[in-house]
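Enquirer: Dumping the structure here so I can ask a few things about it.
What follows draws every value from the coordinates through simple rules; no lab data is involved. Quick caveat, the model's predicted, so the values are computed rather than measured. Cβ placement follows ideal geometry from the backbone for every residue including glycine, while neighbour counts extend to all protein chains displayed.
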Amino acid sequence: MSPCPGIERVTSLRILGVIVNDRMTAADHVTMLLSSCSSLLYAMIVLRAHGIPSTSLHEIFRATVVSRVQYAAPAWSGMCSSADRAHLDSILRRSKRLGYSSNDLPSIVSLMMVMMIYGKIAAVLQEWPVVTVWLSFQLLFKRFVVY
């Protein structure tokens, strides 16, 4: 008998696009990311076959694959195992090898760290006046831009 009648027990839950499992690991989320990113890489193969220039492919890669990996990274990156990070890095390496991203694309750990830094900076700057926030972001983005 379940502890609470009428309540179904689940092994994973999707919250705002992030999959959290009952073991508090990011394995299920990383599996979902790998699947969706692999599908996006296939779509980029089709785009390249239709003659899309490599600069446009780089932009599409950043807008789709990198943004998916970075979405809510501060929330789930701490639950990643080294194997999860290696699998995500393999997607980035494959994209470089196929020419879908620029060679200066950082590793998955660097991408996650940048998102964590942006989140902490934004949290600190929320308490400052609006003009100071705008000026601070202008200065910070010039120093911390990934691309």
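Enquirer: On the phi < 0 side of the Ramachandran plot, over 14 Å from the mean Cα position of the chain (by Cα) and assigned to a helix (DSSP H, G or I): does that describe Ala43?
Expert: yes
Enquirer: Moving on. Report the residue count in the range 73-120 for those that are closer than 19 Å to Ser39 by Cα, of a type in the set (D, E, K, R) and surrounded by fewer than 16 Cβ atoms within 10 Å (Cβ to Cβ).
Expert: Of the residues in the range 73-120, 5 are closer than 19 Å to Ser39 by Cα, of a type in the set (D, E, K, R) and surrounded by fewer than 16 Cβ atoms within 10 Å (Cβ to Cβ).
Enquirer: Being in contact with a helix residue (DSSP H, G or I) (Cβ under 9 Å, 6 or more places away or on another chain), within 23 Å of Arg14 (Cα to Cα) and exposed (fewer than 15 other Cβ atoms within 10 Å of the Cβ) is the requirement here; does Ala63 meet it?
Expert: no
Enquirer: Which residues, counting only those in the range 1-37, are touching a residue at least 40 places away in the same chain (Cβ under 8 Å) and exposed (fewer than 13 other Cβ atoms within 10 Å of the Cβ)?
Expert: The answer is Leu16, Gly17, Met24.
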